[in-house]
Amino acid sequence: MQPGVCPNSFKQLRACLVCGLIKTTQQFVENGCENCEKYVHLSGDRERVLDCTTPRYQGVILLNDSNHSWVGKYLFLEGKYRGVYAIKASGILPPEVLGDLEARGVTPHCLNAS
Ligand SMILES: [Zn+2]
């Protein structure tokens, strides 16, 4: 089972635009996104965190065991860290991140570009 990560505050929560993981801005700056750091490189870069995460999201699920959860399967979260996830997130990823994801065959699961 994957280790877990949870928001440590209910203020300034943001969702990763690639996987939907919800944490505080500060947590993203300190640790990046546990699932997507290799694509988004958030750690230590506040500007980047603001570009690749969003405060606008709908629906929240608590993912406990991503390999045995039908919600996890439905949201393409198999193998992801345990934590709190947005069902839908609204925002626009920077073009270079989108290009990198496309090249790797990764689809941002919860992204709603509207
Ligand atoms: Zn992520």
*Given the options Cys36, Cys16, Cys52, state which has the largest fluctuation in a GNM of the chain using a 10 Å cut-off (strictly under) for Cα springs.*
Cys36
*Using the count of nearby Cβ atoms within 10 Å as a rough guide to exposure, how do Thr53, Thr107, Thr24 rank from fewest to most?*
Thr107, Thr24, Thr53
_Can you list residues from other chains, or at least 5 along the same chain, whose modelled amide H is less than 5 Å from the amide H of Thr53?_
Leu17
*How big is the equivalent ellipsoid of the chain along its three axes, where each semi-axis is √(5λ) from the Cα gyration tensor, reported in whole Å from largest to smallest?*
19, 16, 13
_Of Val5, Val40, Val29, farthest towards positive along the dipole that unit charges on Lys, Arg, Asp, Glu beta carbons give the chain_ = Val5
*Return the sequence-ordered ³J(HN,Hα) values of the range 10-22 in whole Hz as given by the Karplus equation 6.51 cos²θ - 1.76 cosθ + 1.60 applied to θ = phi - 60°, using x for Gly and Pro.*
9, 9, 6, 6, 9, 10, 4, 6, 8, 10, x, 4, 9
*Whole-Hz Karplus ³J(HN,Hα) for the range 84-89, in order, using 6.51 cos²θ - 1.76 cosθ + 1.60 and θ = phi - 60°, x for Gly and Pro?*
9, 10, 7, 7, 9, 10
*Read phi for every residue in the range 92-97 and hand back ³J(HN,Hα) as whole Hz from Karplus 6.51 cos²θ - 1.76 cosθ + 1.60, θ = phi - 60°, with x for Gly and Pro.*
10, 6, x, x, 5, 6
*Enumerate the amide H contacts of Lys88 below 5 Å, restricted to partners 5 or more residues apart or on another chain; note that Pro and chain-start residues carry no placed amide H.*
Gln58
*Points 7 angstrom from Cα along the Cβ direction at Glu102 and Lys88: gap in nanometres?*
2.4 nm
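Computed from the coordinates by the stated procedures, all read-outs in this text should not be read as laboratory data. Remember, predicted model here, so these are calculated numbers, not experimental data. Note that each Cβ is placed from the backbone with ideal geometry, even for glycine, and that neighbours are counted across all protein chains shown.
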